[in-house]
1. Hey, among 164, 211, 157, which residue is within 19 Å of the chain's Cα centre (by Cα), at pLDDT 80 or above and of a type in the set (Gly, Ala, Ser)?
2. Do we have residue 239 as surrounded by 12 or more Cβ atoms within 10 Å (Cβ to Cβ), among the β-branched types (Val, Ile, Thr), out of contact with any strand residue (DSSP E or B) (no Cβ under 9 Å at 6 or more places or on another chain) and at pLDDT below 70 here?
3. If you go through the range 346-369 one residue at a time, do you hit one that is of a type outside the set (A, V, I, L, M, F, W, C), over 24 Å from residue 271 (Cβ atoms), modelled with pLDDT under 85 and in a helix (DSSP H, G or I)?
4. Could you list, in sequence order, the residues of the range 370-390 that are touching a residue at least 40 places away in the same chain (Cβ under 8 Å), surrounded by fewer than 18 Cβ atoms within 10 Å (Cβ to Cβ) and in a loop (DSSP other than H, G, I, E, B)?
5. Consider only pairs whose beta carbons are under 9 Å apart and that are at least six residues apart or on different chains; among these, list those whose first residue lies in the range 214-229 and is at pLDDT 70 or above and whose second residue is assigned to a helix (DSSP H, G or I).
6. Determine the pairs where a residue that is surrounded by 14 or more Cβ atoms within 10 Å (Cβ to Cβ), located within the range 307-318, has a partner that is polar (S, T, N, Q) with Cβ atoms under 6 Å apart, the partner being 6 or more residues away or on another chain.
7. When both residues are 6+ apart or on different chains and their Cβ atoms are under 9 Å apart, which pairs have a first residue that lies in the range 103-115 and is surrounded by 15 or more Cβ atoms within 10 Å (Cβ to Cβ) and assigned to a strand (DSSP E or B), and a second that is basic (Lys, Arg) and modelled with pLDDT under 85?
8. Name the pairs whose Cβ atoms lie under 8 Å apart, with the first residue in the range 40-55 and in contact (Cβ under 8 Å) with a residue 24 or more places away in the chain and within 13 Å of residue 123 (Cα to Cα), the second among the small types (Gly, Ala, Ser) and surrounded by 13 or more Cβ atoms within 10 Å (Cβ to Cβ), and 6 or more positions between them or separate chains?
Amino acid sequence: MKLKTRIHVFTTLLMFIILALVSTGVYFLFAHMTYDRQAEQLLARGEELAVALHKLDPTDDSKSVILAYMPPSGAVWVTGADEKKASVSQLKKFKPETDPDKPYTITKVDGTKALTVSLPYIDRAGGVAAIHVTQLSGDIVHNLSTLRWILIGITAAAMIPVFASSVALGRIVTQPIGRLTRTMRANREGATYEKIDEPDGRDELYEMTLAYNDMMERLGRNYEKQERFVSDASHELKTPITVLESYARLLKRRGFGDEAVANEAVETMLGEAVRMKMLTQQLLDLARSDKPDLYKFEQADVRVLAEEAVRPMRQAYGREFAVEGPEHVLAETDPEKLKQLLFILLDNARKYSDGPVKVTLDDGAGRACISVADYGPGIPEEARPHLFDRFYRVGTDRNRKTGGTGLGLALAKEISIGLGADLTVESVVGMGTVFRVDLPKEREGA
């Protein structure tokens, strides 16, 4: 069953049940009040009759007094303690039935309801007697029947706007869902990421539309990034594979007779294999860098981490790597990820400069700043906005000489985001470059 049909059926059935319950309640409440009012009137007659009987002389005719207080279309029975009875009745072959636990009883006389009330009184002899007053309730039955048909008619008439409103409600609810479904089908068939128009209201449907449009926007951006990433990765892997293939053919064609050629081929193939391995590892690191469960935060000394990152760089390259700043800078971070970030920045500074590399620490209010400065050729201003893009290179020839893959700074940016830090760059052509990592000392929401 479609959602629109379910809305129609549910709302219509619910309103019908509510109207039927209200009408039933009104009917029975009116019937109860009407019978109560008739019982009160009969009790008043009975009390007046009791007073009149108490004032009678022994020679007076009690039946004439009873007849004066008999209700129309009714009967009166007076039962004494000595089982003597006096009655006046317009109801043939009818005997009153009373229930001491109820204020009145309702029985049927020739198919018509009759209401009977009973009340005690003290007769002239001092005995306890009972007065039973009965009256046919034909008028009440007729009125209740009329009320019943009126309520049925009102319920039936009210169901017309209820059904119309359920149709309108179903259309209001399902119309944006239908647009969403059609847009999703069009996106699937056309491989596009179209959005749907936002409704005017600020209800749940509006929120659903915003969520869908946001999802489409994210999917579109991710798809574009994926296409660009696959294209760039294919291009980057194509070059070393071509080099490996050409040198492999050279070895196959000329063999190992020429030792110089063989050594050159092996060295080149080894270098390209190492570069491919580095490229593959960085691709894997980038794919996993945005997963929050890979980050393990703890209180750490940033100065110690900087020294640990600088020490192997000094030993491996015999270059000057200096660490300046406070002796202790504490921050809540992931030590291994922060060291990986520093390794990337230090290696990048080492590749593109020949002079010393300086790491400067700054212990600020709520933030710890780490600066990695080199004195290389610098980065042109037009290249800085793209510096953290994957596979972007300022100078292709220079990157080929240094063996870079174009993924290091992109990975550094992803790690800084995972750490909650800000990674920025400042550079002056001909003077050098400074990368700054602005690290929070405490995690937000931790």
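1. After applying the criteria, what remains is 211.
2. When the stated conditions are applied, residue 239 passes them.
3. No, there is no match, as no residue in the range 346-369 is of a type outside the set (A, V, I, L, M, F, W, C), over 24 Å from residue 271 (Cβ atoms), modelled with pLDDT under 85 and in a helix (DSSP H, G or I).
4. 375, 380
5. 216/183; 216/187; 219/187
6. The qualifying pairs do not exist here.
7. Hits for this filter: 109/92; 109/93.
8. Short answer, once both residue conditions are applied: 53/62.
The values are calculated or read from the model by the stated rules, or taken from the named source; none is laboratory data. Since the model is a prediction, treat every value here as computed from it, not as a measurement. Methodologically, a virtual Cβ is constructed for each residue, glycine included, from the backbone with ideal geometry; neighbour enumeration extends over all protein chains shown.
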